[in-house]
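For reference, the structure is listed below as structure tokens.
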Amino acid sequence: MLPKFHILIGLLFSIGCYTIFSFVSLIGAGLIFLSSVLIDFDQYFYYIFKKKSFSLKKAYNWFKKKGKRFSEIPKNKRKNYALNVSFFHGLEWVFIFSLFGKLFNNYFYFIAIGIFLHLVLDWINSFKKIGRIFKVSIIFDYFNNKKLKEF
């Protein structure tokens, strides 16, 4: 999913949480929004590793072009390809930040909510475009991607 959609939906969701739930402070809403968007920084790290470039603009264009090429593959064959492993895209982080919320500070719960929102949007998008859900677990995706062709 393109960053602009994560930004828009994350913003609307965090504003909605702030408006509807009295326990969501402005800081909490901000954490939900930021974590729902900044989780994609693992994509940027992948780009740096793969292309040895730190240009954020080039990374965005590279992923956009890669997504366009991927969409040209017939839908029934897309599930045979592995996309890059995304280190921050997994339920493990939701559990870790929830645990931090329990142990340290309630603000970590808002980060977990933002990450979960981002993952749900990615799951919907991947099921729609690829026909399978990935980015559920970092560990599962790592081992599952080894069985698939690299894209």
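Take residue 22 and decide whether it is among the hydroxyl-bearing types (Ser, Thr, Tyr), in a helix (DSSP H, G or I), more than 17 Å from residue 126 (Cβ to Cβ) and modelled with pLDDT of 95 or more.
Criteria not met by residue 22.
Out of curiosity, is residue 98 surrounded by 14 or more Cβ atoms within 10 Å (Cβ to Cβ), in contact with a helix residue (DSSP H, G or I) (Cβ under 7 Å, 6 or more places away or on another chain) and farther than 27 Å from residue 29 by Cβ?
Answer is no for this residue.
Is segment 132-151 home to any residue that is part of a helix (DSSP H, G or I), hydroxyl-bearing (Ser, Thr, Tyr), out of contact with any Lys or Arg (no Cβ under 6 Å at 6 or more places or on another chain) and within 21 Å of residue 31 (Cβ to Cβ)?
Checked segment 132-151: no residue is part of a helix (DSSP H, G or I), hydroxyl-bearing (Ser, Thr, Tyr), out of contact with any Lys or Arg (no Cβ under 6 Å at 6 or more places or on another chain) and within 21 Å of residue 31 (Cβ to Cβ).
Hey, does segment 120-129 have a residue that's assigned to a helix (DSSP H, G or I), of a type in the set (A, V, I, L, M), touching a residue at least 40 places away in the same chain (Cβ under 8 Å) and within 15 Å of residue 1 (Cα to Cα)?
So far as segment 120-129 goes, yes, one or more of its residues are assigned to a helix (DSSP H, G or I), of a type in the set (A, V, I, L, M), touching a residue at least 40 places away in the same chain (Cβ under 8 Å) and within 15 Å of residue 1 (Cα to Cα).
Among (1) crowded, with 18+ Cβ neighbours inside 10 Å; (2) under 28 Å from residue 130 (Cβ atoms); (3) touching a helix residue (DSSP H, G or I) at 6+ places or on another chain (Cβ under 6 Å), where does residue 28 come up short?
So the condition that residue 28 fails would be (2).
The values are calculated or read from the model by the stated rules, or taken from the named source; none is laboratory data. Since this is a predicted model, take the numbers as computed values, not measurements. Ideal geometry is used to build each Cβ from the backbone, glycine not excepted, and the neighbour counts take in all protein chains shown.
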